[in-house]
Amino acid sequence: MKKIDIIHGPNLNLLGSRETEIYGTESLESINSYVNSAAEEYGIAFDFFQSNHEGQIIDRIHSAENNVDGVVINPAAFTHYSIAIRDAIAAIKTPVVEVHLTDISQREAFRKISVSADVCVDQICGFGKNSYFFGVEALVGHWAVNRIRTENSSTPDNDKLLRSVVEILHESFPKYDWTGIYLVDGDALVLHNFQGAPSPHTRIPIGQGICGAAVAEEESIIVPDVNADPRYLACSIETKSEIVVPIYSGKNIIGEIDIDSHRPDVFHKHDQKFLEQVAAVIGEKWK
Ligand code: DQA
């Protein structure tokens, strides 16, 4: 079972009574139990830690190296000036995701700066308690990218590589109900392999559907509600949300990763970020 340490920085012990107009009325304990239940299906063991002391947070980061598989940290005010916490994160090999309840990019000038974000796997802010849950998902994505790299380190052929990517992603995320890869073939996208219910769309003209649009527009697309998007080509009435990420070999799009979920609005920037890393790994290994 994977283990994650959730570290809360100074003043977060006062959540629930502290500046409630900014941070809400939920206590830290209640946020911790939310993370436990929201992430339950990932089968991860969580440990929670809060301290108002920089040194204690640093010690806890150090101990993560040998004790856990990942860290989600809200360094709170230390975010904006603690080079010591930044150095502690940079010193360990364990992946760390920085999170904030509020969107620090929209607050006072002194809060817009994080001295630690660039040594973290990702920074997620502005989603309240969900920032912590999305932080957990960012770690799951990071582990999936690493697994894809290690399991395909001995230069596999394209077919094996694409099958392994679909299998690892589908296995890593219970919210992925349909995971597939399409490859560009002339002016169409052809389904290479998938996990989930069979799709009627095995060949999609570029420009049609959300899949076709991602290739035509050369960008990842997140659709929180497929029924509200006129581009959506219905595959299953159960599908509620979708993410499509183009795969490049050099400057050319060679295909795309397409994922559907039966749950609405489950794809966010952190999913896009690690799926783009997965696409980059395919691009690097493409023969
Ligand atoms: C915070 C943002 C910080 O600027 C602030 O000092 C905090 C909480 C957040 O979660 O939004 O204490 O990290």
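We did not get these values from a lab; they are worked out from the coordinates using the rules stated. Quick caveat: nothing in here was measured; it's all calculated off a predicted structure. Every residue, glycine as well, gets a Cβ built from its backbone with ideal geometry; the counts of neighbours run over all protein chains shown.
Could you state the per residue volume, in Å³, of the convex hull enclosing the Cα atoms of segment 131-287? Numbers along the way, then the final one.
Working: hull volume 15.4 nm³, N = 157.
Each residue corresponds to 98 Å³ of Cα convex hull volume.
For the pair Arg231/Asn13, report the inter-label distance in nm, with labels modelled 7 Å from Cα in the Cβ direction.
4.9
Once amide H atoms are built 1.01 Å from N in the peptide plane, which residues 5 or more positions from Leu15, or in another chain, come under 5 Å H to H?
Excluding prolines and chain starts, which carry no amide H, the hits are Leu28.
When you count, for each residue, the other Cβ atoms within 10 Å and take the mean per peptide, how do 164-174, 239-249 rank with the highest first?
239-249, 164-174
Cα to Cα, under 12 Å, and not fewer than 8 places away if on the same chain: which aspartates and glutamates meet these conditions relative to Lys3?
Result set, ordered by chain and number: Asp47, Glu65, Asp69.
Taking just the C-alpha trace of the chain, give me its Rg and Dmax in Å.
Expressed in Å, the Cα Rg and Dmax of the chain come to 20.1, 60.
Report the convex hull volume per residue for segment 131-176, counting only C-alpha atoms, in Å³. Numbers along the way, then the final one.
Values: hull volume 2.7 nm³, N = 46.
Hull volume over Cα atoms, normalised by residue count, gives 58 Å³.
Note down the nm distance, to one decimal, between modelled labels 7 Å out along Cα→Cβ at Ala197 and at Glu65.
The modelled label-to-label distance comes out at 4.9 nm.
Could you pull out the pairs from Lys240/Lys269; Lys175/Lys285; Lys2/Lys93; Lys2/Lys287 whose alpha carbons sit more than 22 Å apart here?
Working: Lys240/Lys269 17 Å; Lys175/Lys285 27 Å; Lys2/Lys93 15 Å; Lys2/Lys287 33 Å.
Violating the 22 Å Cα-Cα cut-off are Lys175/Lys285; Lys2/Lys287.
Among Asp159, Asp258, Asp122, which one moves the most in a GNM of the chain with springs linking Cα atoms closer than 10 Å?
Checking each option, the largest mean-square fluctuation is seen for Asp159.
Show me the ranking of peptides 63-75, 265-277, 46-58 by mean Cβ neighbours inside 10 Å, starting with the highest. Let's see the in-between values first.
Values: 63-75: 21.2, 265-277: 19.3, 46-58: 16.6.
Answer by packing, highest mean first, reads 63-75, 265-277, 46-58.
Please work out the ratio of the alpha-carbon Rg of segment 15-65 to 2.2 N^0.38 Å and round it to two decimals. Walk me through the numbers on the way to the answer.
Details: Rg = 13.6 Å, N = 51, 2.2 N^0.38 = 9.8 Å.
For segment 15-65, the normalised Cα radius of gyration comes out at 1.39.
Determine, at each q value in 0.14, 0.17 (inverse angstroms), the log₁₀ of I(q)/I(0) that the Debye formula gives when each Cα of segment 3-143 is one equal point scatterer.
Debye intensities relative to I(0), on a log10 scale: -0.57, -0.87.
How much net charge surrounds Asp122 when only the other residues with a Cβ under 14 Å from the Cβ of Asp122 are counted, with Lys and Arg +1 and Asp and Glu -1?
On the way: positive: Lys269, Lys273; negative: Glu98, Asp118, Glu137, Asp271, Glu276.
Summing Lys/Arg as +1 and Asp/Glu as -1 gives -3.
Taking the chain as a Gaussian network, where each spring joins two C-alpha atoms under 10 Å apart, which residue of Ala77, Ala109, Ala91 fluctuates the most?
It is Ala109.
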